[in-house]
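The values are calculated or read from the model by the stated rules, or taken from the named source; none is laboratory data. Computed from a predicted model, the values in this text were never measured in an experiment. So basically every Cβ, Gly included, is an ideal-geometry build from the backbone, and we count neighbours across all protein chains shown. Accessible surface areas use protein heavy atoms only, side chains included; no ligands, DNA or RNA. Shrake-Rupley method; radii C 1.70, N 1.55, O 1.52, S 1.80 Å.
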Amino acid sequence: MNKSYHVGICPAGTIVGLETVAEFNTYDDIAPTSPADTGFLHLDPYTFTCCGVVEGFEFETKNPGALEVQFWRLVSGTNYELMGTATEPCTNEDKCAKTFTGNEKITVNGSYAWGWWSADPNIVEHGTGSGDVRRVNQPGGWSVNGQYDWGTSATVLTNRIYGTRITVGPNTKPSFTTLTNGGTTLHSVTEDKGAGVSVFGISAMDPDVSDGDSLEIIMDPNTYFTYNALSASHGEVKVGNTPLGLAPEPQILQFFAYDQCHNKQNATLNITIANLPPVIHNLPSVATIPEVTNSKTFLITLNVTDYSDDIACIIQSVTPSNAFTSITSFVIDKISATEFNLSTSTSAQFRHSIATSHVVTVNCSDGTDYDAGVFTVYLTPNNPPEINNLPGSITISETVKSEVFLFWLNVTEPDSQAYTCYFGPGNSVTALSKFTVRHYANTSAFAIYTGTDVTFDTSTDPSFTLDIECSDGINDTNRNFYVYLVSNLPPNITNLPATRNLSTTAPIGFTVFTVTGTDPENDQLSYTMTCDPAACPLEIFQTGEMVLNASISDTTVVGYNINVTVFDSYRNQGAVRSLTIIITDINSMPTIDNLNNAVVLHENEGIGALVESTICTDKNVPADAITYFMSCVPATGSTVIGINSTDGKIKTVTNVNYEDAGTPKSFICTVTCSDGQASATATLSVTVVDSNEPPSFTQNAYNIDVFEGPGGKQLINSSYTFTDDDVGDTHTYRLDCGADTGYFTINATTGIISFSTMYDVDTGVRPFSVSCQLTISDGHLNDTVPVDITIRDANDNLPIFTPAIYSFRTWVGRSVGAPIGDISATDNDITAFGDLYYTLDTSLLPCDCFGVSSTGQLYVKESLYAIGVGNSVTFNVTATDGGGEKSSAPVTIVISEETTVPPVDEYWHFFDDPRSIAWFVVAIVLFVIAGGVIVYLVATAPSTPAALTKLHCQCCKLRRVFRPNRSKPSNPDTAPERSWRSMILFTHSV
């Protein structure tokens, strides 16, 4: 189906062509001009823009005749295929119409065009209009499904529109006939279906006759199934290339049926994959095994198959089951996909006396279904082992202590089964503790032995009856073995009593004496001994050897009495015998008489300081040479003090420093005094105590270079470095500058030095350099270092002009170089910062008429006639100090006439100008008026303090307005007379 023309479903009553009656009426009475056997194809503008079925047509006719309406489908280019026709005899000369029913309805879509053919001439009326109508003379017309090229052989009528219209409506959507439309159809398939096998048929139909051959059935992609279309309306579901045994259930297949208008019907096919159970091919079966089977024994290989699934086989049941034989007595091992070995398990046990056979039910499953079969196991009975050489007996001595072989067992097993022999239930507890049955590894031999470390006593147990049992695990045999005992005799010491001398010089391990003894049965002998006095430095071995086990070099005991006892291996005791030991060469022991005390060692003790003298006495001196040595705990104590090995004096071996991390604060030393044979020890407890050390500056002197400044200005802002061995001491600072000390303050904690008040070297009072002593103290001890402080002058004063404004009057004829007046300034800086030089700003004057000397003298530089008589000029004088600071003052000069001004320059005072007198009179009058107002306010104001205070404040404000300025004092350290200046300036302008 060509979906490129799916332009939407036509609504009911869709009109293609002239849509209204009025439009039809416009074509009335227009004579057609079509000959007989002529066909028309209406391409434009009346084309199909939707998809549906033709429900009827209506033509505006002029003459009667048979009219065949045709529906063409575009094949390509201008080539069309005739898809259907409808013939109507038109007898009415006005209109010809037909309504389609049933199979007459033809489906059209966007690829269709319509036209008509008639054997009669001049039937359909036309009018003038824009369109594309093709006309062809075709005697006999065309056959349905035939193709015709409406291009080259047709006449194109581009200026006509014919009185025709087609009614189109929606077509009917298709439906499935083998599936539930819009629902689900269930179907089952066995898993053995192979690739390409058809498992279900799919059919669909469409009531619209034109849609039947254009149906399209599609299925959504699926891994396990495919759809094979056999025709437009029929197909089949086939198995894909993936085995169905791997498919999860269910498989949902979605189907859709489309007609040529793209009407859709959907349906679902739900396929379940039916599992095929596995098959056990070689059960039932049987096998016969011995009753004594107790290891894994192969019985049968099961052949099991399944179409696609993995198989697992298990033992489902064992009948009968008992205390020996159950489901765990058999195992199944998978050896391939289809083969399983059935065997007895390694823990299997069988008893013929309980059951002569067992039925094993095997279940094999693929996870969904299973198959079961039975395997019967028959048992052959077992025969017990035979002990061929019992009963039997043996006689042994009661002196037997260790394991001794007594008897070999001769055993046979009729069924050649493995067997074991052991003590049976008829043995006493005593017998079980004294005898054993031993099996020799890798053999079938068993023997009877005495136990290890056993004791026999004929007085309590003269004989034993041993119950011997041999078993093959199923059956057993019991026989008796008899053991008879004979008595043991005590041993005897052959070389005691005796006496021996022992020197104090004898070393440890020295053999003092060897005791010898005999035993009638030649039993192993052992010895014990006791001493008087009890704590003797001797011991005796099992061989009878008596040795010295401790040094007796310093002993004072003169001898020992020793009693020796002998035993045989059965603990039979012989007679006690004595040995006397006499000690010779006894040494006198040294003693320390004055230690075991405590001493205090003060810090800063030098090397060789005496701490203590050891007093050691020995009665053998001078025959014995006394030596001393010492050890300390902790061992670092030996780095502080040492002992002279000859005279015993204990002295310091280092300069004692309490703060040194390697110096122990307390330690205990052990002092040893030795005469070469014996020694004495004593302890000395030492405590090292701290002593105060003075702090010490790390520099020999400090130099401070600072500019003058205000009080509180820090001269140095970092701490001084110093050392103090006493950790934790608190340190303070003080500063001594002699008579100049008051100029400075020092922070006692940080040592930071500051000016105490304003430090100004310009006054000439305070010095440029001060020598001080800086002291640091830990509260007890001090260190002092010189500190030299240099104070430099800062450019902290501006040049000052006095007065602040200068006015001069000079006559116009003053000669060049003649002085006019002093305009010098002062600067309180006493260094080069106070040196001044002057400049004039005469840039706005008509001439460079004035100059200033280095001392501030104003003089005539050029002729004053350029200014003119009666005129005044004003300019600035600037004074600059040695540090670049500047101040300026205005200078006004009035040029007078030669005839009225004497040739002498002078200040121009206030009352020299008549206009000033007028201003002065006005000021006096205003002052009187203001005084009257104040008197009035005082007389009329309330007499309350608050009111008077307010008035007073107002007066104060008035007074401040007229208060003259005060100049800065030249020396802040003194209180010079304050000078008050007032100035009255006169100006004259022409």
Practice problem: Could you tell me which of the residues Ser613, Ser645 is without any contact (Cβ under 8 Å) to a residue 24 or more places away in the chain, over 28 Å from Glu693 (Cβ atoms) and open to solvent by less than 80 Å² (accessible area, probe 1.4 Å)? | Solution: Ser645
Practice problem: Could you look through the range 257-274, keep only residues that are more than 13 Å from Phe200 (Cβ to Cβ) and open to solvent by 40 Å² or more (accessible area, probe 1.4 Å), and pick out the one that is nearest to the chain's Cα centre (by Cα)? | Solution: Asn266
Quiz item: Are any of the residues in the range 151-161 more than 26 Å from Asn263 (Cβ to Cβ), open to solvent by 50 Å² or more (accessible area, probe 1.4 Å) and not in a loop (DSSP other than H, G, I, E, B)?
Solution: yes
Quiz item: Which condition number in (1) open to solvent by 20 Å² or more (accessible area, probe 1.4 Å); (2) under 18 Å from Asn103 (Cβ atoms); (3) part of a loop (DSSP other than H, G, I, E, B) is the one that Asn171 fails?
Solution: (1)
Quiz item: Out of the range 184-201, which residues are open to solvent by 20 Å² or more (accessible area, probe 1.4 Å), outside any strand (DSSP E or B) and in contact with a strand residue (DSSP E or B) (Cβ under 8 Å, 6 or more places away or on another chain)?
Solution: Lys193, Gly194, Ala195, Gly196, Val197
Quiz prompt | Given (1) among the aromatic types (Phe, Trp, Tyr); (2) modelled with pLDDT under 90; (3) more than 30 Å from Ile704 (Cβ to Cβ), index of the condition Phe833 fails | solution = (3)
Quiz prompt | Pick from the range 37-69, criterion of a type outside the set (S, T, N, Q) and in a loop (DSSP other than H, G, I, E, B), ranking: farthest from Tyr162 (Cα to Cα) | solution = Cys50
Exercise. Scan the strands (runs of 3 or more DSSP E) fully inside the range 663-777 and keep the ones with 1 or more residues being among the aromatic types (Phe, Trp, Tyr) and within 30 Å of Asn597 (Cα to Cα).
Key: 666-674
Practice problem: Determine the pairs where a residue that is closer than 18 Å to Gly473 by Cα, located within the range 415-444, has a partner that is among the polar types (S, T, N, Q) and open to solvent by 50 Å² or more (accessible area, probe 1.4 Å) with Cβ atoms under 7 Å apart, the partner being 6 or more residues away or on another chain. | Solution: Asp415/Asn383; Gly424/Asn478; His439/Thr420
Exercise. Answer with yes or no whether Ser471 is touching a Ser or Thr at 6+ places or on another chain (Cβ under 9 Å), closer than 20 Å to Asn572 by Cα and modelled with pLDDT under 95.
Key: no
Exercise. Restricting attention to the range 483-492, report how many residues are out of contact with any Ser or Thr (no Cβ under 7 Å at 6 or more places or on another chain) and part of a strand (DSSP E or B).
Key: 0
Quiz item: Can we say Phe340 is outside any helix (DSSP H, G or I), open to solvent by 50 Å² or more (accessible area, probe 1.4 Å) and among the aromatic types (Phe, Trp, Tyr)?
Solution: no
Practice problem: Please work out which one of (1) more than 30 Å from Leu67 (Cβ to Cβ); (2) open to solvent by less than 70 Å² (accessible area, probe 1.4 Å); (3) aliphatic (A, V, I, L, M); (4) out of contact with any His (no Cβ under 9 Å at 6 or more places or on another chain) is the condition Ala204 fails and give its number. | Solution: (4)
Practice problem: Could you grab the pairs with beta carbons closer than 9 Å, sequence gap of 6+ or different chains, first residue in the range 324-351 and within 20 Å of Val374 (Cβ to Cβ), second one in a helix (DSSP H, G or I)? | Solution: Thr344/Ser329; Ser345/Thr328; Ser345/Ser329; Ala348/Thr328; Ala348/Ser329; Phe350/Ser329
Self-check item: Leading residue by the ranking (nearest to Glu413 (Cα to Cα)) among those in the range 493-503 that are open to solvent by less than 50 Å² (accessible area, probe 1.4 Å) and outside any strand (DSSP E or B)
Solution: Asn495
Exercise. Report, by residue number, each residue of the range 343-390 that is part of a strand (DSSP E or B), of a type in the set (D, E, K, R) and crowded, with 20+ Cβ neighbours inside 10 Å.
Key: Asp371
Quiz item: Does the range 60-80 include one or more residues that are modelled with pLDDT of 90 or more, open to solvent by 10 Å² or more (accessible area, probe 1.4 Å) and among the charged types (D, E, K, R)?
Solution: yes
Practice problem: Return only the number of the condition from (1) of a type in the set (A, V, I, L, M); (2) open to solvent by 60 Å² or more (accessible area, probe 1.4 Å); (3) at pLDDT 90 or above that Ala441 does not satisfy. | Solution: (3)
Quiz item: Here are some conditions: (1) open to solvent by 20 Å² or more (accessible area, probe 1.4 Å); (2) at pLDDT 90 or above; (3) closer than 18 Å to Asn294 by Cα. Ser416 meets all but one. Which one does it not meet?
Solution: (2)
Practice problem: Would you mind finding the one in Asp132, Asp120, Asp211 that is touching a Gly at 6+ places or on another chain (Cβ under 6 Å) and either basic (Lys, Arg) or modelled with pLDDT under 90 (or both)? | Solution: Asp120
Quiz prompt | Check on Phe100, of a type outside the set (Ser, Thr, Tyr), on the phi < 0 side of the Ramachandran plot, open to solvent by less than 50 Å² (accessible area, probe 1.4 Å) and modelled with pLDDT of 85 or more | solution = yes
Quiz item: Within the range 298-315, restricting attention to residues that are under 55 Å from the mean Cα position of the chain (by Cα) and surrounded by 18 or more Cβ atoms within 10 Å (Cβ to Cβ), which residue is farthest from Ser416 (Cα to Cα)?
Solution: Asp309
Quiz item: Ile217 passes all but one of (1) farther than 30 Å from Glu55 by Cα; (2) open to solvent by less than 70 Å² (accessible area, probe 1.4 Å); (3) assigned to a strand (DSSP E or B); which number fails?
Solution: (1)
Practice problem: Report yes if some residue within the range 120-127 is open to solvent by less than 10 Å² (accessible area, probe 1.4 Å), of a type in the set (A, V, I, L, M), farther than 23 Å from Ser210 by Cβ and touching a strand residue (DSSP E or B) at 6+ places or on another chain (Cβ under 7 Å); otherwise report no. | Solution: yes
Exercise. Just one of (1) open to solvent by 40 Å² or more (accessible area, probe 1.4 Å); (2) under 30 Å from His352 (Cβ atoms); (3) at pLDDT 90 or above; (4) among the small types (Gly, Ala, Ser) trips up Ser295, so point out which.
Key: (3)
Quiz prompt | Residue among Ala506, Ala550, Ala535 that alone is open to solvent by 80 Å² or more (accessible area, probe 1.4 Å), in a loop (DSSP other than H, G, I, E, B) and within 15 Å of Ile581 (Cβ to Cβ) | solution = Ala535
Self-check item: Residue tally, condition touching a Lys or Arg at 6+ places or on another chain (Cβ under 8 Å), of a type outside the set (Val, Ile, Thr) and either open to solvent by less than 70 Å² (accessible area, probe 1.4 Å) or farther than 8 Å from Lys401 by Cα (or both), over the range 444-454
Solution: 4
Quiz item: Restricting attention to the range 391-402, which residues are within 25 Å of Ser471 (Cα to Cα) and either open to solvent by less than 70 Å² (accessible area, probe 1.4 Å) or of a type in the set (Ser, Thr, Tyr) (or both)?
Solution: Gly392, Ser393, Ile394
